[in-house]
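Asks: Handing you a structure now.
The values are calculated or read from the model by the stated rules, or taken from the named source; none is laboratory data. Values in this document were obtained by computation on a predicted structure and should not be read as measured data. Neighbour counts run over all protein chains shown; Cβ positions are idealised from the backbone, glycine included. The protein model used for the area step is the full one, side chains on, heavy atoms only, and it has no ligands, DNA or RNA in it. Shrake-Rupley method; radii C 1.70, N 1.55, O 1.52, S 1.80 Å.
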Amino acid sequence: MGRMSMMSIRKLGWIATALCGWLLLVLPAQATRIALVIGNSNYQNEKPLVNPGNDADLIARVLKDDLQFDKVTLKKNVNRRDLNRLITEFSEAARSADAAVIYYSGHGMQKSGINYLIPVDAAIQNEGDIDSEGVSSAKLMTALESAAPRVGVIVLDACRNNPYTTRTRGGTKGLARMGDVGEGMLVAYATREDATADDGDKGNSPYTKALAKQLRRKDQPVRVAFENVADDVKAATGGQQKPVTYGDLKSSVYLVSPFMSGHQTAPSASDLVAIEKEAWTEAQQSNTLDAYQAYVDAFPQGLHVGPAKIKMASLRASNSTPTTIIATRTNPANTTVSSSMASGTTFRDCDDGSCPDMIVIPSGSFTMGSPNSESGRSNGEGPQHQVNVSTFALGRTAVTQGQWKAMMGSNPSFFTSCGDNCPVENVNWNDAKNFIQRLNQKTGKTYRLPSE
């Protein structure tokens, strides 16, 4: 379904800023925005990179000239001592800022699942040198979390091919999967974990070109901008480079207001009614979580908040981001395990440890929601409606770490000490969809994630 029209998003943002004076859809015009931009090209002990210095120049210009950030600190070819100092100083300057952005372009690598930025004076001869010669990306996270800006963004165009592969036993390409990201923060990688990014020939890397292009567009929220960056980079690299983001930054947040300039008069009551009506219509036509969330954020006491929350709950049920995965399979009679498939029958579509154990659930119906007469009932508990369920099979347990490893070849879980029978976790929506896709391809059956 399509996104909300830009006119409605602008109106929603204008109302949120003018009426509330705090961050809902956009940062107010007088917001404090600061950035630290670093580009490391001239490595002293390895072959220099072509474009990080140019990349840093470009992003600094965009933040300062196009997005009108209050303070942009640009540093190039930074050694380890100065890199640590810059991060500490930035954390102090970013305290309670409305937006704080850190951009790093240069070499990056991982060791034992920990990511490191590589200063230009690094002299890494073996794995033991990585901790002392590199700067952990966790320090960037800590700096922003300590500063507690309303919006924090870290961009790492730092996945160039590991220059120290021949001298380290690990030699893992790219950066490791990002762990927990603080509230109100977004971390962006130039490419997916365990993969490398293109430095580009001349001028700028493909990722930074796309990032500059999308940041200059003030008519889109931060998350939408990075989604478009990913699309642009995949197109420019023939699908070889696939940027990813981590974090829970709201999908309605802008880095800078796309429409406010100077003082504007608050809208009249009739204007507000008309704008809310148009926003609700747009949300219904878009029928997406982002659209309904934008409406609720801008009109927390609006006439349609109840129905909007009901729709959001329904959409989340079918599109939720799981921390663990349970598989569902339709048409359970289509199996080689049993021909009858009575209620409670269990089966598995493959015996190599990758397919989940399934149990047949009988068809039936039930009434969802509470009656209008129920004491203490909230708007989100209705209206009552009948739900009919056909016979299907459901995973007896969440997908296990052993099943995930057998199907996907890796284990992203944090809690691995309990063994292969523990649920797989630390997986996102795309990871879950990829698992289901491979399961379908392997078995020739129709699996999906459970929904309402």
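Asks: Counting Lys and Arg as +1 and Asp and Glu as -1, each charge on the Cβ, what is the dipole of segment 57-108 about the Cα centre in debye, to the nearest 20?
Replies: 300 debye
Asks: Return the Cα extents of segment 35-87 along principal axes one, two and three, sorted largest first, each rounded to a whole Å.
Replies: Dimensions of segment 35-87 along the principal axes of its Cα atoms: 37, 25, 7 Å.
Asks: Still on this model: If you stretched the chain out fully between SER132 and GLN68, how much longer would it get, using 0.36 nm times the residue separation minus the C-alpha to C-alpha distance?
Replies: Extra length available between SER132 and GLN68 comes to 19.4 nm.
Asks: Can you pull the one-decimal nm distance between simple spin-label points at LYS442 and ASN79, each 7 Å off the Cα toward Cβ?
Replies: 5.2 nm
Asks: What nm distance separates the two modelled labels at SER378 and GLN44, each placed 7 Å from Cα along Cα→Cβ?
Replies: Placing both labels 7 Å along Cα→Cβ, they lie 5.9 nm apart.
Asks: Using a 1.4 Å probe on the protein heavy atoms only, what accessible surface does ILE310 show? Give it in Å² to the nearest 10.
Replies: Its heavy atoms expose roughly 50 Å² to the probe.
Asks: Using label points projected 7 Å from each Cα along Cα→Cβ, tell me how many nm separate TRP429 and VAL387, to one decimal.
Replies: 1.9 nm
Asks: Just read off the accessible area of ARG216 with the full protein assembly in place, 1.4 Å probe, to the nearest 10 Å².
Replies: Near enough 110 Å² of accessible area.
Asks: Here's another thing I want to ask about it. R0 = 30 Å: FRET efficiency of GLN301 with THR367, Cβ-based, nearest 0.05?
Replies: The computed FRET efficiency comes out at 0.50.
Asks: Then there's this: Count neighbours as other Cβ atoms within 10 Å of each site's Cβ, and list the trypsin sites (Lys or Arg not before Pro) in segment 91-160 that are DSSP loop with at most 15 such neighbours.
Replies: ARG95
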